[in-house]
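Some notes on the structure that comes next.
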Amino acid sequence: MAKAGFKVFDSDMHCVEPPDLWEKHIGSAYKDRAPRTSEFAFRNALVGIEVEGRIMPWFSPKGPDGKPLPAYLPDKTVRHMIRQGFERHPKALGLEKFQQSRFADMSKRGWVPQTQLEAMDVEGVDMTVVITTTALLVLGLTELEPEFAAAIARGYNDWLYDYVKIDPKRLFGAAMVAPHSVELAVREARRAVLELGFRAIFLRPNPVHGRQWYDLYYEPLWHALVELGVPLVFHEGVGVHLPQAGQRFGDNIFLRHIACHPIEMMYAVMAMCGGGVLERHPKLRVGFFEANCGWIPWLLDRMDDHYEIEFGVTKTELPEKPSTYFKRQCVASVETDESFASHVIADIGDENLVVSTDWPHPDSKYPKGIDTFLALPISQEAKKKILWDNCARFYGIDA
């Protein structure tokens with residue numbers, strides 16, 4: 001397949017997990033505690049999940065009386081908050097358009113993997129790495145028991161294995177691991193790559209237990225990813241019970257969603273490039289997805305400026321500029337209508353960008369996403385790199 005003469009490797013398409021995923025896949029030891037999802041959210045390719053009595057996405061730290069809500073909520077309140085968060089605000093979430101048009105048939109068919117392959121054919125996408133929808137939030141609690149968090153990740157990965165095997169030459173899995181225990185995360189990463197054949201490991205950018213990604217606690221995981229030869233992918237999702245950019249806006253989903261995706265990715269870039277992780281692991285590849293790319297030149301310049309004057313860091317601690325590590329080991333995704341990409345390319349070049357259609361989320365430009373990208377004011381050579389070369393290199397796929 002070729003789209004206007006270009007091969008296309010989508011860095012970030014999503015699956016939509018069924019409501020009974022964890023009930024079926026979490027294992028008998030935790031079945032009575034299995035995360036519960038919303039049929040409404042499933043049909044609309046949204047996240048709506050309850051874990052250990054807590055609802056996500058969570059948009060307000062206060063209840064109707066203006067007082068802080070307790071950490072754990074009764075089922076009745078959880079159900080009420082799902083209605084508050086989704087069903088009372090369909091226009092704000094773009095659901096009316098979603099339900100009535102381009103995704104309606106796929107939703108009716110239950111988002112089976114065949115619908116994703118059909119969408120790829122429509123867009124002209126040859127290959128993609130599949131990243132979660134619902135599980136973007138399922139580990140968004142610091143206080144999850146490490147073994148329980150690991151079981152949640154394992155259950156998702158088992159389900160994803162069955163999902164992508166319909167066409168293993170076009171669909172590749174990105175495994176979820178739980179950072180609540182680095183030992184268990186390493187174990188699941190090894191299983192996902194060596195036994196399930198996945199091509200990447202996915203993490204949220206938000207800190208768990210207050211640990212930044214440059215904390216030496218995570219060294220075994222970075223070592224394992226290098227040894228396994230797979231990249232690390234950061235992907236944000238709004239409304240978790242973890243530290244998250246935009247929480248100051250409370251129940252204003254408009255402002256919270258604007259803030260969390262790019263700002264949390266900037267935090268992750270700072271941790272990995274400025275915190276010494278990529279200095280210690282020069283073969284570790286890291287992706288920062290679904291957060292736009294326009295912030296990259298500014299952030300790299302600001303980090304380099306602080307580095308040059310040794311503001312809080314020495315060149316012995318960090319031998320290279322932060323931008324050097326980013327350009328050597330990182331990629332970020334470009335949304336298909338992101339015209340500002342031309343300015344990013346002018347500043348840092350075209351080697352660190354990959355394309356993302358974000359199918360089938362409401363802000364995706366499907367079915368004209370790739371057509372929209374091809375109309376951007378960037379060179380043919382840059383389009384070739386962003387549509388295929390950079391992504392294939394990042395995921396280690398020679399095709």
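The values are calculated or read from the model by the stated rules, or taken from the named source; none is laboratory data. Keep in mind that this is a model prediction, so the values were computed, not measured. Don't worry about glycine lacking a Cβ; one is built from the backbone with ideal geometry, like all the others, and counts go over all protein chains shown.
Below, the figures for the structure above:
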read-out	value
Residue in region 132-147 that is over 22 Å from residue 231 (Cβ atoms), surrounded by 19 or more Cβ atoms within 10 Å (Cβ to Cβ), touching a residue at least 12 places away in the same chain (Cβ under 8 Å) and more than 18 Å from the chain's Cα centre (by Cα) present	yes
Condition check for residue 162: part of a helix (DSSP H, G or I) and either more than 19 Å from the chain's Cα centre (by Cα) or within 27 Å of residue 363 (Cα to Cα) (or both)	yes
Filtered residue count, region 300-325, keeping only those that are more than 30 Å from the chain's Cα centre (by Cα) and surrounded by 17 or more Cβ atoms within 10 Å (Cβ to Cβ)	0
Failed item in (1) under 21 Å from residue 324 (Cα atoms); (2) under 17 Å from the mean Cα position of the chain (by Cα), with residue 279 passing the rest	(2)
Of all residues in region 38-75 being modelled with pLDDT under 60 and of a type in the set (Lys, Arg), the one that is surrounded by the fewest Cβ atoms within 10 Å (Cβ to Cβ)	67
The lone exception for residue 378 - which of (1) in contact with a strand residue (DSSP E or B) (Cβ under 9 Å, 6 or more places away or on another chain); (2) over 16 Å from residue 7 (Cβ atoms); (3) part of a loop (DSSP other than H, G, I, E, B); (4) among the β-branched types (Val, Ile, Thr) it fails	(1)
Of residues in region 232-269 being in contact with a Phe, Trp or Tyr (Cβ under 6 Å, 6 or more places away or on another chain) and assigned to a loop (DSSP other than H, G, I, E, B), the one nearest to residue 330 (Cα to Cα)	239
Residue check for residue 329: under 19 Å from the mean Cα position of the chain (by Cα), of a type outside the set (Gly, Ala, Ser) and at pLDDT 95 or above	yes
Candidate set from region 333-351 (those that are touching a residue at least 40 places away in the same chain (Cβ under 8 Å) and not acidic (Asp, Glu)); member that is surrounded by the fewest Cβ atoms within 10 Å (Cβ to Cβ)	343
Residue match in region 283-291 (condition: among the hydrophobic types (A, V, I, L, M, F, W, C) and surrounded by fewer than 17 Cβ atoms within 10 Å (Cβ to Cβ))	no
Test: residue in region 169-183 that is in a helix (DSSP H, G or I), over 20 Å from residue 392 (Cβ atoms) and at pLDDT 95 or above	yes
Residue check for residue 231: surrounded by 15 or more Cβ atoms within 10 Å (Cβ to Cβ) and over 11 Å from the mean Cα position of the chain (by Cα)	yes
